[in-house]
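Since the structure comes first, as structure tokens, the remarks are kept for the end.
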Amino acid sequence: MKAAKIIITIDGYSSCGKSTLARQLAQELDYTYIDTGAMYRAITLYFLRNQTNWTATEEVEEALRNIELEFVVNTRSGNREIHLNGENVEFLIRDLVVAEKVSEVAAIREVRTFAVAQQRKMGEAKGVVMDGRDIGTTVFPQAELKIFMTADNAIRVERRFKELFAKNPNITIEEVKANLEMRDYIDSHREVSPLRKADDAVILDNSDITPEEQLQLALTWARECSGDQ
Ligand code: DC
């Protein structure tokens, strides 16, 4: 019997390795990986570039009408990269300047409505692995497999620092730590769709396991949930 395509959601705090797992899972299962954080980051980049006053609802609504987001496959890497109004911004959105504001922007109701509607459309046909903060709770509460990832704080800071340092050697570990703590706080305390574990999500703590071990664990769950055993 051919396994049914399912929806896999991966939520959790910043820098838990959600995107690494999501990308690998999608590759193994021949599913589409959707990085929803990239959408909030691209919206933030647009607001910063256009000096949108995001505390004013009308300005936000006007700006959103001018934003088109699309994931486009990079033919060299095979990765799906985010394009903002036709421009590939996958690299730019990882900058700390965007990271410092993205949680604020992602807390805006209109921004979430805009992004969630597109995410639901992208997952309509199933066969997707989507990572973010509210995917299992708000975007796809009916998803067949929901994973909630966690890892020790110090390990998360170290991982993010290595990633950012490779691009910007001026960055300090203190800056990275402060940014992670601030984002986790805002993401889990906001009014609209705060980060929380869905009641039926499985917890994956990857502090002491290798990426390969975590992939095998998630693949076992995915196969169970899709009836492929
Ligand atoms: O996963 P990330 O670090 O690229 O996410 C960037 C920010 O976007 C993060 O601080 C929280 C927000 N976000 C969100 O609120 N909901 C999502 N589904 C994904 C990300």
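Just so you know, all these numbers are worked out from the coordinates, no wet-lab data involved. Keep in mind the model is a prediction, meaning the values are calculated, not measured. Don't worry about glycine lacking a Cβ; one is built from the backbone with ideal geometry, like all the others, and counts go over all protein chains shown.
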Largest fluctuation, P194, P169, P141 only, Gaussian network model of the chain with Cα springs under 10 angstrom, belongs to P169
HN-Hα couplings for the range 155-168 via Karplus (6.51, -1.76, 1.60; θ = phi - 60°), in whole Hz with x for Gly/Pro, come out as 5, 5, 4, 4, 5, 5, 4, 4, 5, 6, 4, 4, 9, 9
With DSSP loop assignment and no more than 13 other C-beta atoms within 10 Å, the GluC sites (Glu not before Pro) in the range 106-183 are E124
Taking trypsin sites (Lys or Arg not before Pro) in a DSSP loop with at most 11 other Cβ atoms within 10 angstrom as exposed, one finds the longest site-free stretch of the chain at 77-229
Ranked on Cβ counts within 10 Å of their own Cβ, fewest leading, D228, D11 go D228, D11
If the chain between K162 and D95 were fully extended at 0.36 nm per residue, the gain over the current Cα-Cα distance would be 22.8 nm
In degrees rounded to 10, the 0-90 angle between helix 211-225 Cα long axis and the longest Cα principal axis of the chain is 70
Mean shadow area (nm²) of the C-alpha convex hull around the chain is 12.7
Note to self: C-alpha centroids of the range 158-191 and the range 107-134 sit apart, in Å, by 23
So E110 and T210, fully extended at 0.36 nm per residue minus their Cα-Cα distance, gain in nm 32.2 nm
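Helix-derived [θ] at 222 nm for the chain: sum -39500 (n - 2.57) over DSSP H runs of at least 4, divide by residue count, nearest 500?
-15000 deg cm²/dmol
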Nearest 10, in degrees from 0 to 90: the angle of helix 36-49 to the longest Cα principal axis of the chain is 10
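Among C225, C16, what is the fewest-to-most ranking by other Cβ atoms within 10 Å? The partial results should precede the final answer.
Working: C225 18, C16 24.
Starting with the residue having the fewest Cβ neighbours, the order is C225, C16.
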In whole angstrom, largest first, the equivalent ellipsoid semi-axes that the Cα gyration tensor gives for the range 123-185 are 30, 13, 10
Diffing the range 107-117: the Karplus 3J(HN,Hα) column from phi (6.51, -1.76, 1.60, θ = phi - 60°), in whole Hz with x for Gly and Pro, holds 8, 7, 3, 5, 5, 5, 4, 4, 6, 5, 4
Under 18 Å by backbone N from the virtual spin label 7 Å along Cα-to-Cβ at E28, the residues of the range 179-205 are 202-205
